[in-house]
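Single-structure report; data block below.
The values are calculated or read from the model by the stated rules, or taken from the named source; none is laboratory data. Predicted model, so just to flag it, every value in this text is computed and none were measured. Cβ sites come from the backbone with ideal geometry, for glycine too, and all protein chains shown count toward neighbours.
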């Protein structure tokens, strides 16, 4: 599974790093920072939770 | 349910009876007139998720620069809510770190203590009127914590907030004197500016270790904020930070009081509370709508919107749109996919969203730990205000 973040779309709702704290981090302003782009199977649920709960559609997942 | 469209096909939405349970009305609007016009104001009303979210993401088309169109007693636009990018972006870069989740987490112990103390005042009585006993004072104490102000200022702040948002409270009962209400807003506005101006003067040379202190030393591009800029930020925080969380607390507890199975679920498993807070933000959407002013002529679903018109975007309707939420009409605290926009979307995403979420979670935890079973007082009906759905009368009872 690969993760992509569209930084221009992120406005800092912070859903991703609350629901997937091992996959998503936050910068000083509370905007998303990816902790990884290749997601191991054990963290796939966290990555999906981040993607499924971003109101801006800033996170995309490729592969499974 | 009263008829949503009157004989002129105008929308009658912001009525107390509709606001108690607005979701069916939203569904009607999305299906029958995705862009309609409001009764009395004739303002266009937009109700489908994709249209609402598109507008919120395009301030160059639907702008927030409308301080003169909304009556909030201000003398200048509130910062950053009533200005658009790129000027707004510079303020957000400064303010976002001051309202980040991490920063707000520092306030948890104080908010938890206040919540416990408020509940402790009435828990043994077996009843309370939730709005006045809990939903109103808690967010106000959070605001005072944030600003490093003493709790004794609570009555002053409640009065200032009401002077702007509910000026009719200061008029004889039943009075609909709009001019007088507007006068009260402006005189209250002057008091708000003066209050923070005095507080800034008091801090000369010693800014303090709180939000106002941070604003006093903050710089944008190497330049300190001017006093008016700080005032315009404080004004917004006062108005935006109090009523919204009050309304959300009331909507949440009213929902849970009326849905005992859902209430039991979170009492038995408090880990569900963060999910319940999100789902109730979606379902109840206490801030039902946000206004924008059209910067150009736009035709949307065959309705012509003229440049300069104030448009109402129904985020409550967006959040219950079946096209974007599976099983949108049921309330599921374990919803897997929840892209609700209760805090807006795009560049104006609610600055205080992390503060609000923290207050709501702490309040829900503390309330249900102390008062796990409660009901709406038999024979009584809660009353909801329009626009921002504050449950202005929410009588609760429980076995003390």
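Points worth noting:
- Once region B:382-400 is narrowed to residues that are assigned to a loop (DSSP other than H, G, I, E, B) and touching a strand residue (DSSP E or B) at 6+ places or on another chain (Cβ under 9 Å), the residue that is surrounded by the fewest Cβ atoms within 10 Å (Cβ to Cβ) is B:400.
- Members of region B:216-265 found to be part of a helix (DSSP H, G or I), more than 23 Å from the chain's Cα centre (by Cα) and under 30 Å from residue B:76 (Cβ atoms), listed by number: B:216, B:217, B:227, B:228
Quick grid of which residues meet (1) surrounded by fewer than 17 Cβ atoms within 10 Å (Cβ to Cβ); (2) away from every other protein chain (no Cβ under 11 Å); (3) in contact with a helix residue (DSSP H, G or I) (Cβ under 7 Å, 6 or more places away or on another chain); (4) closer than 28 Å to residue A:8 by Cβ:
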{"residue": "B:314", "(1), (2), (3), (4)": "no, yes, yes, yes"}
{"residue": "B:327", "(1), (2), (3), (4)": "yes, yes, no, no"}
{"residue": "B:330", "(1), (2), (3), (4)": "yes, yes, no, no"}
{"residue": "B:340", "(1), (2), (3), (4)": "no, no, yes, yes"}
{"residue": "B:343", "(1), (2), (3), (4)": "no, no, yes, yes"}
{"residue": "B:351", "(1), (2), (3), (4)": "no, no, yes, yes"}
{"residue": "B:354", "(1), (2), (3), (4)": "no, no, yes, yes"}
{"residue": "B:360", "(1), (2), (3), (4)": "no, yes, yes, no"}
{"residue": "B:380", "(1), (2), (3), (4)": "yes, yes, no, no"}
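Residues are listed down the side, and each one gets a yes or a no for (1) modelled with pLDDT of 95 or more; (2) surrounded by 15 or more Cβ atoms within 10 Å (Cβ to Cβ):
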position: B:124; (1), (2): yes, no
position: B:133; (1), (2): yes, yes
position: B:150; (1), (2): no, no
position: B:154; (1), (2): no, yes
position: B:169; (1), (2): no, no
position: B:175; (1), (2): no, no
position: B:179; (1), (2): no, no
position: B:188; (1), (2): yes, yes
position: B:216; (1), (2): yes, yes
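- Check on residue B:173, within 22 Å of residue B:158 (Cβ to Cβ) and in a loop (DSSP other than H, G, I, E, B): yes
- Of the candidates B:349, B:337, B:370, the single residue that is more than 30 Å from residue B:71 (Cα to Cα) and without any contact (Cβ under 8 Å) to a residue 60 or more places away in the chain is B:337.
- The set of residues in region B:329-381 being touching a strand residue (DSSP E or B) at 6+ places or on another chain (Cβ under 9 Å) and on the phi < 0 side of the Ramachandran plot consists of B:342, B:343, B:348, B:350, B:371, B:374, B:375, B:376, B:377, B:378, B:380, B:381.
- Annotation: of all residues in region B:73-93 being surrounded by fewer than 18 Cβ atoms within 10 Å (Cβ to Cβ) and within 12 Å of chain A (Cβ to nearest Cβ), the one that is farthest from residue B:351 (Cα to Cα) is B:85.
- Filtered residues of region B:61-97 (kept if farther than 30 Å from residue B:178 by Cβ and assigned to a loop (DSSP other than H, G, I, E, B)): B:61, B:85, B:86
- If you filter region A:9-33 down to residues that are part of a loop (DSSP other than H, G, I, E, B) and without any contact (Cβ under 8 Å) to a residue 12 or more places away in the chain, you find that the one that is farthest from the other protein chains (Cβ to nearest Cβ) is A:27.
- Enumeration of residues in region B:12-56 that are assigned to a loop (DSSP other than H, G, I, E, B) and surrounded by fewer than 17 Cβ atoms within 10 Å (Cβ to Cβ): B:12, B:15, B:20, B:21, B:40, B:41, B:42
- Scan of region B:289-308 for residues that are assigned to a strand (DSSP E or B) and touching a residue at least 60 places away in the same chain (Cβ under 8 Å), ordered by number: B:289, B:290, B:291, B:292, B:293, B:294, B:298, B:300, B:303, B:305
- Within region A:34-50, if we keep just the residues that are in a helix (DSSP H, G or I) and out of contact with any helix residue (DSSP H, G or I) (no Cβ under 8 Å at 6 or more places or on another chain), the residue that is nearest to the other protein chains (Cβ to nearest Cβ) turns out to be A:48.
- Leading residue by the ranking (nearest to the other protein chains (Cβ to nearest Cβ)) among those in region A:51-61 that are in contact (Cβ under 8 Å) with a residue 12 or more places away in the chain and surrounded by fewer than 19 Cβ atoms within 10 Å (Cβ to Cβ): A:57
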